[in-house]
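The structure appears below as structure tokens.
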Amino acid sequence: MRRAQVYRWQILMDAGVVLRERRLKTRDGFFVYLQQGDQHGWGEVSPLPGFSLESLDEAQAALLAWANEWRAGVDPALPDVPSAAFGISCALAELDGSLPAEADYRAAPLCTGDPDELFALLSAMPGEKVAKIKVGLYEAVRDGMVANLLLEAIPDLRLRLDANRAWTPLKAQQFAKYVNPAYRDRIAFLEEPCKTRDDSRAFALDTGIAIAWDESLREADFVFAAEPGVSAVVIKPTLTGSLEKVREQVSAAHAVGMTAVISSSIESSLGLTQLARIAAWLTPHTVPGLDTLNLMQTQLIRQWPGSTLPCLGVEALEPVR
């Protein structure tokens, strides 16, 4: 006997969350709960506004259509909607026990440029000291000064930067000008600094600052290849698709000597705990990029260890079908 229940949820966000020049007031999504005999599994389907190709309504339609077939005893193919494919595949992997329970709850903290605050966060982090800064939201010169300040203040820091293709080549060079050349090799990577891959490649070669691919992974002509100045790929499973596709991308990155980083698309606490399990499973030696829970006002179903945010149970969810 199979049971499939879809729930809708909404979480209030902190007032300052801005994604691609739009303020994100709430995070909206769905959970799918599957039960077969004594086995059960959860998955999250939450396309990220401004980043996912599909809308929330499209994700809902794909999820409900799949759940109806599965409930009826069919084993349908996963939808071609990435967020739905990912959430369903996680629920199925919990159901059959193929998603390992061990999790990597380390998270590269998002920092605002205050070294004292970052010291406290990093002191509790075992192993490699890694932090992340979003750049491209303010002036490139300011971003360069902040990055330089942190690298100077914390000598064992490895810094990850994310520009989301915000810069022209000139802006990218303005950023690099303010980062001491002696510190640049401690920038683990700068995600997609420029609007085109060719401009980003040129930036890496000109400055010695390593780059990483993120948005490029979701473009039709992208291939995994070893390139000078390119050190990593950032894999966001909600934007990628099924667990199998995520696993294929990690393997392809590792095969050409690139670091693969499992990263959040601002999922709920349930989704984040699953990403921590995926990171421990597929990228066990790399700190994942999962420090987004503090952007939200509540947790849902499963708690992130150490979080003081309230955690709401199933009763807080809206059953859909």
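A few points about this structure:
- Considering only alpha-carbon pairs that sit under 8 angstrom and 6 or more positions apart, the relative contact order computed for segment 79-235 is 16 percent.
- At most 11 other Cβ within 10 Å, DSSP loop - GluC sites (Glu not before Pro), segment 44-150: GLU102
- For segment 225-231, Karplus couplings with θ = phi - 60° (6.51, -1.76, 1.60), whole Hz, Gly/Pro x: 8, 6, 9, x, x, 9, 10
- Using a cutoff of 8 angstrom between alpha carbon atoms and counting only pairs six or more residues apart, the relative contact order for segment 1-118 works out to 24 percent.
- Computed magnitude of the charge dipole of segment 138-288 (debye, nearest 20; Cβ of K, R +1, Cβ of D, E -1): 180
- Convex hull volume of the C-alpha atoms in segment 190-321, normalised per residue: 143 Å³.
- Under a model in which nothing but the beta-carbon of Lys, Arg (+1) and Asp, Glu (-1) is charged, segment 1-59 shows a dipole of about 120 debye around its Cα centre.
- Charge dipole magnitude, Cβ of K and R +1, D and E -1 - the chain, Cα centre, debye nearest 20: 300
- Residue-wise HN-Hα coupling along segment 301-312, computed from phi with Karplus coefficients 6.51, -1.76, 1.60 (Hz; x: Gly, Pro): 6, 10, 8, 7, x, x, 6, 9, 5, x, 10, 8
- Counting only protein heavy atoms and a 1.4 Å probe, the chain has 44 square angstrom of accessible area per residue.
- For the chain, the relative contact order comes to 19 percent (Cα pairs under 8 Å, sequence separation of at least 6).
- Label-to-label distance, nm, for residues given as GLU152 and PHE222 (7 Å Cα→Cβ offset): 3.5
- Spatially close Lys pairs in the chain, defined by Cα atoms under 20 Å apart and a spacing of eight or more places or different chains, total 12.
- Long-range tail of P(r) for segment 156-219 (Cα pairs > 20 Å, %): 18
- Here the chain yields Rg over Rh of 0.97, to two decimals, using C-alpha coordinates and the Kirkwood radius.
- Each listed q (0.11, 0.17, 0.22 Å⁻¹) maps to a log10 I(q)/I(0) for segment 59-144 from the Debye sum over equal C-alpha point scatterers, namely -0.60, -0.81, -0.99.
- Segment 33-83 - convex hull of the alpha-carbon atoms, volume per residue in Å³: 69
- Expressed as a whole percent, the accessible surface of the chain that belongs to carbon and sulfur atoms is 53, based on a 1.4 Å probe.
- Under-5 Å amide H pairs with ILE211, H placed in peptide plane, nonlocal only: LEU190, VAL230, SER231
- For segment 96-110, 3J(HN,Hα) computed residue by residue from phi via the Karplus equation (6.51, -1.76, 1.60; θ = phi - 60°) reads 9, x, 8, 8, x, 7, 5, 10, 10, 8, 5, 9, 5, x, 6 Hz, glycine and proline entered as x.
The values are calculated or read from the model by the stated rules, or taken from the named source; none is laboratory data. As the structure is a computational prediction, the values presented were derived from the model and not from experiment. Heads up, the Cβs are rebuilt from the backbone with ideal geometry, glycines too, and the neighbour counts pull from every protein chain shown. Remember, those area values only see protein heavy atoms, side chains included, never the ligands or the DNA or RNA. Shrake-Rupley method; radii C 1.70, N 1.55, O 1.52, S 1.80 Å.
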